[in-house]
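The values are calculated or read from the model by the stated rules, or taken from the named source; none is laboratory data. All values reported here derive from a predicted model rather than from experimental measurement. Counting neighbours? That spans all protein chains shown, and the Cβs are built from the backbone with ideal geometry, glycine included. Note: areas computed on protein heavy atoms with side chains; ligands, DNA, RNA excluded. Shrake-Rupley method; radii C 1.70, N 1.55, O 1.52, S 1.80 Å.
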Amino acid sequence: MTLSALKDMFVVRAAPAPVTSLTLQSNGSQDALKAAWIPAVGRVESYQLSLSPSISSQQDLILPPNTTQWVFSGLTPGKDYQVLVKTKSGELTAETRTTGRTAPGWAAHLRLEALDERTLRLSWSAPAGDWDFYRVLLFNGSSVLMNRTVDRSLVEFNFTDGTLIPGRLYRAAVSVESGYLSSTADCHERLAPRSVQRLSVRHSTETSLSAVWSHPVGEWDNYTVLLKDGDVTVDTQTLSRGVQECSFNKLMPGHTYTITVTTNSGDRSSSAHVSGRTVPAQVTQLRVSNQGSTDALQVSWDGAAGEVDLYRVLLIHNSVVMKNESVPPNVTSYHFQGLRSGALYRTVLTTVHRGDLSRQTVADGRTVPAAVRDVTVSNNGRMDFLSVSWRAAEGDVDSYSVTLRDQERTIHTLTVSRLTTECVFKSLVSGRLYNISISTRSGEYEKHTVVQERTQPATALNPTATHMARDDRLKVYWRHAAGDFDYYHVSIKHNNIFQQNKTVPKTQNECVFSGLVPGRLYTVIVSTWSGKYESSVSTHGRTLPAGVQNLTLADSGTEDLLVTWVSAPGDVDHYEVQLLFNDMKVFPPITLNSSTNRYLLSSLTPGRLYKIVVSTFSGPNLSVQFIKGRTVPSKVKNILISNAGQSSSLRVNWTPGQGDVDHYAVSLSQTGGQAEERSIPKHVHEISFQGLLPGQQYMITVTSVCGSLINNSTATGRTVPSSVSALQVEDQRSTSSLLVSWQAGRGVYDGYQLQLLDERGSLVANSSQTAEASQQYFRQLTPGKKYRVVMQTTSGGISSKAVIAEGRTYPAIVNNLSVISNTTTSLSFRWDLPDGEFDGFDVFLYTGDESLQDQKTGMMNMQDCSFQNLQPGTQYKVVVLTRSGDQTNDTSIWARTVPAAVTFLCADNRRSSESLWLSWKQAGGEVSSYTLLIYNPDGTQQEEQSLGPESRSYTFQRLVAGRLYQAVVLTHSGDQTNMATTTGRTDPRPPISFSFGEINNTSLEITWSGPENTDYDDFDLQWSPRDHLSVFNPYHSPTSGNRILKGMYPGRQYNISLRTVSGAGTSNPTYSSPVHRSIRTSQWSTRHTCIRISLSVVPTGNSMGPLGPHVQTLRTHQMAIEMCVRCFHERIWIY
């Protein structure tokens, strides 16, 4: 076979070479990829391109062999594609593959807006195509403030970093990430600046306002300040950013404006407002006038410019505001009334608008001074003198001016100070009429008062009155008076009662009065009259007296004669009586006053004839009358009647009287009874009467007989009355009285005399009783004292023999018996000593059923007593008995021992966080009830509960977890109580949100939240295995919810338990139920990996109880920890 034949038989094609340096790139395109390569070496017929995921329009492209690139379009943005390039040569192919990704799409509708001055919101719409996530960036200029990865499902993000500054311009960008490619879009926004701080009106005048403020926090460009009147802008000012005040001028007085300060930053701004008001304008042309008034001022002014609500008008006197008036704005005057006369006032006028006051306008004014009052001009009875006085004028006065005029001629002018209210004028003409003018001066004003007065006229000289030897007439004459006068007036009076008067012309100087009373002394007054004044001079004259009339001997006695008469007509100074025997004076003359119309002549001789002369005197004159009379014989003297202590006989004796007597007649009789009469010779002077009635009074008459004239002497006598019988004294169980009773004796008696004596015989009481009485009470006596009663029957002042009896008052009970102390087993009593006398005390103690418990006896100084070994809480009765002689008296009081306190009092929470169980052992003795109290740590009462005596326990509910309570159990018995206390603490609730923080191979951070509604002091952290670990508290507070465990073993699993502690550091802390968690520390690993760990923390079953429904709704806490792989010597930590 030939060589050519062999060639035709064996055709062997070598496989084509693949293309090299194949790349698939987007070159920033979101919908196209460019495939490029270096052509294959050798023979190539064509290239076949395929893109997966495939695109229907460009599936399995066949390209010529000289092609080195191809662009795929219409792709999905952000999607990962694979390109396959096949080199074809005949039936043989060679493949080269590579991948590429289109650029992700842009975030659309990107918008950055400021929610508030510290928050920016970035929002966008999702891009077309595929992407993995978003990256959100915040820029301050070129500085990146925040770079966060955001899940692809979100379309907005809030920048709430506290470092954002109000008023600053920020740029935000959203980068759409797809693999290693990204597309970024950005936008700008500015935070609104803050408004200025402490904006206020610093100063205001009538036409200007000034505002100040403090710079806001953040950034701003400048300020715009507006001044508005309502909605109208009055002025606008733009200020640089460093300015902090602004002033506005040429404003309306008293007007309210609004100042708005706007902080500008770019196109954003914030405003602050303040209201200010200009000061009201001051009034002008203030005028004050008195208009001639003494008590009023008229104030007027020109109205103030600007806005005015009212005018305030002050009226000030001596720096004291007297009036404070408000006047409407349309009124420009005011009238003040009721002011002080002559006073200088200051008027202060102020404009008021909405409470603001203008500057004050001041003007002074003075009222017209008042005229003087009660002007008195007196001549003081002098003929050349006038005294002027007045009451000071009301109000203020500078001085007074007094002028004296005689008709139109000025005599004197005096100026006196305002403190002087009188002056005098001398050397005047008697009886002359003068004009007096008094002017009041105050400042430039005066007020005049004019009065008239005249001097006293002169008196007549040497007036004389004579009776002209007549008993009914007087003549008066005198010398003429000097000076000016009008006439004479002559009057006659007696005892200041005018009898007659006559007017005599000034040319005459005598007159006669007739028809007067005999013997009367008259006063004659001669008056000189000038106007209303008179000057008088007087003298006396007397008419002759008359004699007495009807002189009579009215009665006669043994030693006296009675003379009577009718008083002489007219006036009598006195009478004189003389007694004559044979025309010889027996006694010196006796002077009697003029009202006497009788006289008794005594110390005369019985039976003698006398002559009686009566003379009437009036002044130096007298008249005489006389009469005769005889005395009668005298009586016997010294009648003495004696009963000699006898009850049935009387003896009578007497002394004879002066003069002669023939014999005596003696008679004895009872009152209203038959008289027994006996005749006795004149030399016998005594007699006895027998068989008389006891206690009876008798009348005895001894008659002196001398011819036909007799004279009797009478006396009375009484026999001794008989004594009482059956006298006895009873105490009637009284502490202060005794009853005395008796039976009457025989005969006549008119009463009883009782004396109450003490044991020493001293008189205590003295009593008299009528004859009808048969008993007597002696009251207000000393309790317990022994008394003696002495009793006598009386009849007409005669007492019988004494009868004696004895008795003792009932002793008094002790005073102020009281319980001074009581314990559970003892009672102590005290009392004040009783009134009166006593010997001692017996004290008895009885139980409630009146059984005698104990008794004690003491002397009279005993004032207290104690009883021991008693039953707790039991009521007792103590009786204190007072002894005095054989008499006793008692008083009592009920008392109760203090009940015993409960024992073995215990407060147990029984592992409960909201209740405490109290239990105790019953108190000894009697108990009526228990009161249970529970108190918070601050001393406030939490709850109170009353229980019966049979109770032994009680549970307090609805308490605060972990709180230490004080429990008090009060034992009651009657009104007595006793107390037992204890403390108890509820269990705290367990902590919540127990989770783990940073974990490595040797340490662990644990965090939790404290329980709600719980008092707690610390937390108890336990772990197992019980390695020797150290606990670090980063906040150094036992109640903080963070601890770090150090010294742990790598890769070891630990069981962690956490309890809340209440009462940490005390002897009885309480613990909550534990919360358990398990955790394993990190270990060494050579694997390169990244692990996501999710820890779900839920409360344990024991922690569900105290929290109730709150724990049931406790959300599951989930913590996702993304750990980055750290390579060190080909090792990593796995968490």
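Residues in the stretch 1-33 that are modelled with pLDDT of 90 or more and open to solvent by 70 Å² or more (accessible area, probe 1.4 Å) were compared, and the one that is farthest from GLY78 (Cα to Cα) is SER21.
Selection of strands (runs of 3 or more DSSP E) fully inside the stretch 985-1034 by the criterion of at least 3 residues being closer than 30 Å to LEU918 by Cβ and touching a residue at least 12 places away in the same chain (Cβ under 8 Å) returns 1018-1024.
How many residues are over 30 Å from ALA281 (Cβ atoms) and either free of Cβ contacts under 8 Å to residues at least 24 places away in the same chain or surrounded by fewer than 17 Cβ atoms within 10 Å (Cβ to Cβ) (or both) when one looks only at the stretch 188-205? Break it down stepwise before answering.
Restricting attention to the stretch 188-205, the residues satisfying the condition of being over 30 Å from ALA281 (Cβ atoms) are 188-197.
Among the residues that remain, those that are also either free of Cβ contacts under 8 Å to residues at least 24 places away in the same chain or surrounded by fewer than 17 Cβ atoms within 10 Å (Cβ to Cβ) (or both) are: 188, 197.
Selection size over the stretch 188-205: 2.
Residue count for the stretch 960-984, restricted to those that are in contact with a strand residue (DSSP E or B) (Cβ under 6 Å, 6 or more places away or on another chain), crowded, with 19+ Cβ neighbours inside 10 Å and not in a strand (DSSP E or B): 1. Where strands (runs of 3 or more DSSP E) fall wholly inside the stretch 490-590, the ranges with 2 or more residues that are aliphatic (A, V, I, L, M) are 497-504, 521-530, 549-556, 561-566, 574-581. Just one of the listed residues (SER73, SER125, SER50) is out of contact with any Cys (no Cβ under 7 Å at 6 or more places or on another chain), closer than 21 Å to ASN158 by Cβ and of a type outside the set (Val, Ile, Thr), namely SER125.
Flag: SER399 does not match the condition of being open to solvent by less than 30 Å² (accessible area, probe 1.4 Å), of a type in the set (Gly, Ala, Ser) and more than 60 Å from the chain's Cα centre (by Cα).
Among the residues of the stretch 940-954, which ones are of a type outside the set (Ser, Thr, Tyr) and open to solvent by 50 Å² or more (accessible area, probe 1.4 Å)? Give the steps one after another, and end with the answer.
Within the stretch 940-954, the first condition is being of a type outside the set (Ser, Thr, Tyr), and the residues that meet it are 941-945, 947-950, 952.
Answer for the stretch 940-954, where residues must be of a type outside the set (Ser, Thr, Tyr) and open to solvent by 50 Å² or more (accessible area, probe 1.4 Å): GLN941, GLN942, GLU944, GLN945, GLU950, ARG952.
Quick check on THR701: is it more than 20 Å from ALA644 (Cβ to Cβ), in contact (Cβ under 8 Å) with a residue 24 or more places away in the chain, of a type in the set (Val, Ile, Thr) and out of contact with any Phe, Trp or Tyr (no Cβ under 9 Å at 6 or more places or on another chain)? Yes, satisfied. Within the stretch 737-791, the residues that satisfy the criterion of being over 30 Å from LEU693 (Cβ atoms), of a type in the set (A, V, I, L, M, F, W, C) and surrounded by 15 or more Cβ atoms within 10 Å (Cβ to Cβ) are LEU738, LEU739, LEU756, LEU757, VAL764, ALA765, PHE778, LEU781. Taking every residue in the stretch 620-646 that is on the phi > 0 side of the Ramachandran plot and pairing it with any residue that is in a loop (DSSP other than H, G, I, E, B) and open to solvent by less than 30 Å² (accessible area, probe 1.4 Å), at least 6 positions away or on another chain, the pairs with Cβ-Cβ distances below 8 Å are GLY645/VAL720.
When the residues of the stretch 1047-1065 are filtered to those that are touching a residue at least 40 places away in the same chain (Cβ under 8 Å) and assigned to a loop (DSSP other than H, G, I, E, B), the one that is surrounded by the most Cβ atoms within 10 Å (Cβ to Cβ) is MET1048.
From the set of residues in the stretch 191-210 that are outside any strand (DSSP E or B) and charged (D, E, K, R), which is nearest to TYR170 (Cα to Cα)? It would help to see each step written out before you state the result.
Restricting attention to the stretch 191-210, the residues satisfying the condition of being outside any strand (DSSP E or B) are 191-196, 205-208.
Subsequent filtering for residues that are charged (D, E, K, R) retains 194, 206.
Values: ARG194: 16, GLU206: 46 Å.
It comes out as ARG194.
Could you tell me whether THR347 is polar (S, T, N, Q), assigned to a strand (DSSP E or B) and open to solvent by 10 Å² or more (accessible area, probe 1.4 Å)? The answer is no for THR347.
Output the number of the condition that PRO457 fails; it satisfies all remaining conditions of (1) at pLDDT 90 or above; (2) farther than 30 Å from TYR522 by Cβ. Unmet for PRO457, out of (1) at pLDDT 90 or above; (2) farther than 30 Å from TYR522 by Cβ: (2). Take the conditions on the phi > 0 side of the Ramachandran plot and in contact with a Gly (Cβ under 9 Å, 6 or more places away or on another chain) and apply them to GLY74. Does it pass? Judged against the criteria, GLY74 is not a match.
Annotation: LEU1029 fulfils all but one of (1) farther than 18 Å from PRO990 by Cβ; (2) loosely packed, with under 15 Cβ neighbours inside 10 Å; (3) touching a strand residue (DSSP E or B) at 6+ places or on another chain (Cβ under 7 Å); the unmet one is (2). When each of SER437, SER430 is tested for being surrounded by 15 or more Cβ atoms within 10 Å (Cβ to Cβ), of a type in the set (S, T, N, Q) and at pLDDT below 90, the lone residue that passes is SER430.
Inspect the stretch 240-261 for any residue being under 20 Å from LYS323 (Cα atoms) and of a type in the set (Asp, Glu) and give the result as yes or no. No, the conditions are met nowhere in the stretch 240-261. Can you list residue pairs whose Cβ atoms sit under 6 Å apart, with the first residue in the stretch 810-834 being surrounded by fewer than 21 Cβ atoms within 10 Å (Cβ to Cβ) and the second being acidic (Asp, Glu)? Count only pairs 6 or more apart in sequence or on different chains. Listed pairs, sorted by first residue: ASN815/ASP832; ASN816/ASP832; ARG830/ASP864.
If we only count strands (runs of 3 or more DSSP E) wholly inside the stretch 34-124, which ones have 3 or more residues that are within 14 Å of THR20 (Cα to Cα)? Don't jump to the end; show me each part of the working.
Details: elements: 46-52, 61-63, 69-73, 80-89, 92-101, 108-116.
Passing ranges, in order: 80-89, 92-101.
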